[in-house]
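All remarks here apply to the structure that follows.
The values are calculated or read from the model by the stated rules, or taken from the named source; none is laboratory data. As the structure is a computational prediction, the values presented were derived from the model and not from experiment. With ideal geometry, Cβ positions are generated from the backbone for all residues, glycine too; neighbour counts draw on all protein chains shown.
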Amino acid sequence: MADIFSTDDNSTPLSPEEREGLKPRWITTRKELNELETRNILEAETWLTNQKRLDVLNDSFLRKLHKKMFGQVWKWAGEYRSTERNIGVAPYHIPTKLKALFDDVSFWVENQTFSNLEIAVRLHHRLVLIHPFPNGNGRVSRLMADMFMQQHGENRLHWGNGNLTDITDLRNKYIESLHDADRGDFKALIEFVKGNYEKSN
């Protein structure tokens, strides 16, 4: 069972209680877990295509989306974490930090503070930084950014056109760009989502 929850890939470790939330008890490897989560996410994408006039800038939509993406795999899908992490705000700060983020995004849109692409990137980055869920924060944050872009008549972002879950050079580049954004430098992350990440190597 240890192989399922190995954390040598920069992913956030789950608490013992959160591990107990795994629904399919037949899973024995990380590969099987990733494949099942991927299938669940594809079903969430199908659900999204059938939704009209989605308001993505609120925590109820964020929780619903996370549950759609991971609800077949984890009992706690759609619920904010209650444990401390090596990344993210304290659990009791999650609701207020999310409200501040969504208020900021609405302000940026209304005042055209940044381009839609940069707003989507900043939305993604702040969601990852807050880390509201026990797992799946990067994936739900990327989909939230894509939904924001589509709502504003833009194409979805380019996330390296590859797997950002497994340990790869692509994922490492993505993580590096997130760390740059932590320091207030969004250039690498913006280039990454534009598909220009190779040029900065």
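What are the pairs with Cβ atoms under 6 angstrom where one residue, in region 73-102, is touching a residue at least 60 places away in the same chain (Cβ under 8 Å) and of a type in the set (A, V, I, L, M) and the other, located anywhere, is surrounded by 19 or more Cβ atoms within 10 Å (Cβ to Cβ) and in a loop (DSSP other than H, G, I, E, B)? Sequence gap at least six, or different chains.
Ile87/His131
How many residues are farther than 23 Å from Tyr174 by Cα, modelled with pLDDT under 90 and hydrophobic (A, V, I, L, M, F, W, C) when one looks only at region 23-50?
Qualifying residue count, region 23-50: 2.
Give me the pairs: first residue in region 32-50 and closer than 15 Å to His66 by Cα, second residue in a helix (DSSP H, G or I) and among the charged types (D, E, K, R), beta-carbon distance under 7 Å, and six or more apart or on different chains, which are they?
Ile41/Arg139; Ala44/Lys68; Trp47/Lys68
How many residues, within region 25-50, are surrounded by 11 or more Cβ atoms within 10 Å (Cβ to Cβ), of a type outside the set (Val, Ile, Thr) and not in a helix (DSSP H, G or I)?
So the answer is 0.
From the set of residues in region 54-92 that are among the basic types (Lys, Arg) and over 18 Å from Arg142 (Cβ atoms), which is surrounded by the fewest Cβ atoms within 10 Å (Cβ to Cβ)?
Ranking the candidates gives Lys75 first.
Is there a residue in region 115-122 that is within 19 Å of Thr49 (Cβ to Cβ) and free of Cβ contacts under 8 Å to residues at least 40 places away in the same chain?
No, region 115-122 has no match at all.
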